[in-house]
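First up is the structure itself, then whatever we jot down about it.
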Amino acid sequence: MDLDTKIPESKKDVTIVNLKGRLDVHYSTELENALNALIDQGKKKILLSLADVEYLSSSGLRVFIAISRRLKEVGGEFKLMKLNETTKKIFKIVELIDMFDIFETEEDAVKSFS
């Protein structure tokens with residue numbers, strides 16, 4: 001699993017994290033630690049891109065839920081974007097599609113943060 005973070009010029013308080021590869025039990029802890037480190041650094045608006053995620057396990061979904069809850073506790077926001085067909089299907093099967101704010105484009109996702 002590769003992690004790439006960037007801060008868009010248009011909205012400097014939003015941190016975009018691009019995930020690439022397989023998000024399984026082996027990498028979910030690494031991802032959770034990385035996202036928690038961002039929150040510890042004061043990042044309260046995190047946007048995850050799942051466009052290049054090839055596989056998503058239940059442990060990966062657990063990370064999304066945990067990070068979303070942690071950000072809500074500190075007055076932050078957690079959103080997802082660019083779900084490919086595979087990840088979108090997983091979210092629908094486990095009925096989590098409505099639990100998250102999910103966007104097709106980066107522009108729409110970044111604009112949606114308060």
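Laboratory data are not the source of any read-out in this text; all were calculated from the coordinates shown. This one's a predicted model, so the numbers in the text were calculated from it and none came from an experiment. A quick note on method: Cβ atoms are made from the backbone with ideal geometry, for glycine too, and the neighbour counts reach across all protein chains shown.
For the pair Val94 and Asp40, what calculated FRET efficiency results from E = 1/(1 + (r/R0)^6), where r is the Cβ-Cβ distance and R0 = 35 Å, to the nearest 0.05? Rounded to the nearest 0.05, the efficiency is 0.80. Using a Gaussian network model of the chain in which every pair of alpha carbons under 10 angstrom is joined by a spring, one finds that among Lys88, Lys11, Lys20 the greatest mean-square fluctuation is at Lys11.
In the chain, helices alone account for a calculated mean residue ellipticity at 222 nm of -13000 deg cm²/dmol, with every DSSP H run of four or more residues adding -39,500 (n - 2.57). Remark: spin-label model distance Asp13-Glu77 equals 0.9 nm, labels positioned 7 Å along the Cα→Cβ axis. A Förster distance of 25 Å, applied to the separation of the beta-carbon atoms of Ile65 and Arg22, puts the FRET efficiency at 0.85.
Remark on Val14: its backbone amide H falls under 5 Å from none of the residues 5 or more positions apart or on other chains, H modelled at 1.01 Å from N. Sorted from greatest to least, the principal axis extents spanned by the alpha carbons of the chain come out as 31, 26, 24 Å.
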